[in-house]
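First up is the structure itself, then whatever we jot down about it.
The values are calculated or read from the model by the stated rules, or taken from the named source; none is laboratory data. Since the model is a prediction, treat every value here as computed from it, not as a measurement. In this analysis, Cβ positions are derived from the backbone assuming ideal geometry, glycine residues included, and neighbour counts consider all displayed protein chains. Keep in mind that these areas ignore ligands, DNA and RNA; they rest on the heavy atoms of the full protein, side chains included. Shrake-Rupley method; radii C 1.70, N 1.55, O 1.52, S 1.80 Å.
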Amino acid sequence: MKINVRAGKIEKHKTDAAIILLFEDEKPGTAAERVDKALGGMISRLVNKGDFTPKRGEVHLLYPEGRVSAERLLLVGMGKRSEFTTNCLRQAAGRAACSLRSAGARDITFIIDGVVLDAEELGQALAEGSILGLYRFVKYKTSKENGLAKDVRTITLLKESLGGLKAMQKGVKVGEAIAASTVMARDLVSSPPADKTPTIIAAKAKEIARQFGLRLQVLEKNRMRKLGMGGLLGVAAGSAQPPKFLIVEYRKGGKKPFIALVGKTITFDSGGISIKPAENMDRMKDDMSGGAAVLGAIRTAAALKLPLNVVGLLPVTENMPSGSAYKPGDVLRTMSGQTIEVLSTDAEGRLILSDALTYACTYRPAVIVDIATLTGACGIALGNVATGMLGTDDRFKQKMRAAGEKTGERVWEMPLWEEYYEQIKSDIADMKNTGGRTGGVITAAALLSKFVQKYPWVHLDIAATAWTDKERPYTPKGATGIGVRLLTQFLRDYSEKLR
Ligand code: BES
Ligand code: MN
Ligand code: ZN
C-alpha cells in the first residue's frame with residue numbers, strides 16, 4: 001500500500017473515493033464546502049435533514065455521479081470539536097479505509113482541510129489509522145473466493161495549499177514505520193503456536209536484526225543453565241521445543257544508559273500440569289504478545305533512528321504438561337539466587353520474567369519496562385480497555401501514562417503497597433508464585449518487583465488488551481499488536497527529553 005501526500009483541488013482529483021471529515025459543531029472545511037456546492041448542496045441537505053449526523057463513528061457513502069472527479073464520497077462523522085483527539089483521527093481513518101475497501105475502492109483520498117492539527121501528527125495518525133484498520137490476517141486462507149474484498153492500493157492525503165506538506169510527509173513516514181511494526185506484532189501473535197515455536201521466534205528476531213542492523217544474541221539451554229535461569233528452565237522443562245533467551249540490542253545512543261524492554265514470550269500457555277480448561281485454550285497462543293511488542297518497539301526505534309540505547313529481552317518458551325514438566329510443589333532457583341515455590345504451573349509468566357528482569361539489571365539500565373500477558377485478573381479489573389500498570393518509579397509511570405493517552409493504548413495504574421506482599425510469602429521458599437484469588441494483577445507484579453533491584457521499573461499487564469473479540473475502528477478482531485505503539489511513543493518521548 002502506498003500513501004501519498006499531495007496539494008491540489010479535490011474537484012479535479014481523480015480517485016475511487018474521497019473522504020470528507022465532518023464535525024458535529026463546526027462548518028466543513030473549504031474543500032468540503034466546494035464539493036457540497038458542486039453537488040448542489042447535497043451534503044448540507046443530508047446533515048440539515050438529519051439523514052447524516054456527523055457523530056463519531058457515523059459514515060455515509062455518496063455517489064457524486066460525475067459532478068466532481070471522485071467516483072465516491074464518504075462522509076465521516078468526527079463528533080464534537082471539543083472532544084477531538086489524535087485518536088479520533090486514527091479511528092476515522094480506520095473506519096473510512098475499511099468501509100471503502102468493502103465498497104470496492106482501491107484508491108482513496110482523505111481531504112484534510114478543516115482538520116486543525118499539527119501537520120506531522122496528522123500524517124502519522126492517518127497513516128497509522130488506515131494501515132491498521134485495513135489489516136487482515138489472511139496467511140492461512142488458501143481460497144481467494146472467501147468474500148475478501150480487494151486491498152486498497154493507494155491512499156492520498158490531499159491538501160489545498162502547500163503549507164505543512166513536508167511535515168505531513170514526515171508524519172506519514174513515521175506512521176508507516178510504526179504501523180509496519182504493529183502489523184509484524186499482530187502477525188506473530190495471530191500465528192498458530194506450531195508456526196512460532198521458540199526456535200522460529202529466534203529466527204524471526206534474526207531476520208529483524210539483519211534488516212535493521214541490530215545486535216542479536218540467542219542463548220540456548222546450556223547458557224541458561226550456566227546463568228542459573230531456573231525460572232525459564234523450569235517452565236520449559238515440559239516442552240519438546242527448546243527454549244530460547246533473546247537479547248536484542250539497538251545502540252544509537254552513544255554513552256547513554258540502556259533502556260531495557262522485557263517481554264513475556266510464552267508461545268503457547270497450556271497451563272502446564274495445572275492445565276487450563278479446554279474452552280478457549282487456543283487463545284493462549286497470544287501469550288507471547290509481550291515479546292512481540294518488544295520486538296516491534298525496537299524495530300521502530302531502529303527505523304526511526306532514535307538516538308537511544310535499547311535492549312530487548314525475550315524469555316521464549318512453551319508452557320506444556322508432560323512427563324518432564326515442572327510440577328506444583330517444585331521450588332525453582334532463579335538467576336537472582338532467590339527461590340520460588342511453584343503452586344501453579346499456570347503462573348509461569350512471572351517465573352520466566354524473573355530471570356529476564358535479573359538479566360536486564362546487568363545492563364544497569366535507566367529504566368526497565370516489562371510487558372506481559374500476565375494475569376486473567378487484569379481483564380476482570382480493567383476490562384479490555386486499559387492495560388494494567390504498576391511499578392516503582394513515578395516519573396516513568398507518568399511518562400507511560402502520557403504515551404498511553406497519545407497513542408490510544410491507555411494504561412491504568414494499580415498500587416503496589418507492601419500489604420500485598422503478604423500474599424506471596426512461602427513457607428518453604430523465598431516466595432510463592434501465586435497469591436490467591438484476590439488482587440491477582442498486583443500480587444503477580446509484586447513478585448516481579450523482587451527482581452528489578454534498585455532500577456526504575458514499569459510493569460505493563462496486557463493480558464486483556466493483546467487480543468480483541470470485537471472489532472474496533474483501527475483494530476480488527478484478533479491480535480491488537482498492543483504495546484508496539486505505546487512503547488514506541490515512550491521511547492520517542494524519552495529521546496526527545498535527552499536532546
Ligand atoms: N497467560 C496467562 C494469563 C492470561 C489469562 C492471559 C487470560 C490472557 C487471558 C497466565 O500465564 C496465567 O495463566 N495466569 C493465571 C495466574 C494464576 C494461576 C495465578 C491466571 O490469570 O489465571
Ligand atoms: Mn499461565
Ligand atoms: Zn501465561
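Treating r as the C-beta distance of SER82 and THR30 and R0 as 30 Å, the FRET efficiency rounds to 0.90. Entry note: segment 169-223 has Rg to Rh equal to 1.08, where both radii use alpha-carbon atoms and Rh is the Kirkwood radius. Each of SER161 and ARG210 was given a label point 7 Å from its Cα along the Cα-to-Cβ line. The distance between the two points is 4.9 nm. Solvent-accessible surface (1.4 Å probe) assigned to ASP151 amounts to roughly 90 Å². Heavy-atom accessible surface of segment 317-460, averaged per residue, reaches 41 Å², computed with a 1.4 Å probe.
Counting 0.36 nm for each residue step from ARG6 to ASP195 and taking away their Cα separation leaves a gain of 63.9 nm. Among 429-435, 214-220, 47-53, sorting by the average number of other beta carbon atoms lying within 10 angstrom of each residue, highest first, gives 429-435, 214-220, 47-53.
Placing one identical point scatterer on every Cα of segment 202-284 and ignoring solvent, what is log10 I(q)/I(0) from the Debye formula at q = 0.11, 0.12, 0.18, 0.26 Å⁻¹? For segment 202-284, the Cα-only Debye profile gives -0.42, -0.50, -0.94, -1.30. Histogrammed with a bin width of 10 Å, the alpha carbon distances of the chain distribute as 4, 20, 28, 22, 14, 8, 3, 0, 0 percent, first bin at zero.
When the convex hull of its Cα atoms is viewed from all sides, segment 110-183 shows a mean projected area of 5.7 nm². Rolling a 1.4 angstrom probe over the protein heavy atoms with all chains in place gives segment 57-115 an accessible area of 35 Å² per residue.
Nonpolar atom fraction for the chain, defined as the carbon and sulfur part of the 1.4 Å probe accessible area, stands at 51 percent.
Estimated from helical segments only, the mean residue ellipticity of the chain at 222 nm is -11000 deg cm²/dmol, where each DSSP H run of four or more residues counts as -39500 (n - 2.57). The alpha-carbon atoms of segment 152-267, seen along their principal axes, cover 63, 40, 21 angstrom, with the largest extent given first.
Angle of helix 119-134 to the longest C-alpha principal axis of the chain, folded into 0 to 90 degrees and rounded to 10: 70°.
Sorting 175-186, 263-274, 412-423, 154-165 by their mean Cβ neighbour count within 10 Å, with the most densely packed peptide first, gives 263-274, 175-186, 154-165, 412-423. Output the 0 to 90 degree angle, nearest 10, between the alpha-carbon long axis of helix 484-498 and the longest principal axis computed from the alpha carbons of the chain. Taking the Cα atoms of the chain, the angle to 484-498 is about 90 degrees. Computed on segment 70-220, with alpha-carbon pairs under 8 angstrom and 6+ residues apart, the relative contact order is 27 percent. Taking the average, over residues, of other Cβ atoms within 10 Å as the packing measure, peptides 73-84, 365-376 rank 365-376, 73-84 from highest down. Under a model in which nothing but the beta-carbon of Lys, Arg (+1) and Asp, Glu (-1) is charged, the chain shows a dipole of about 1680 debye around its Cα centre. With viscosity 1.002 mPa s and temperature 20 °C, the Kirkwood radius over alpha carbon pairs of segment 1-113 converts through Stokes-Einstein to a diffusion coefficient of 152 µm²/s.
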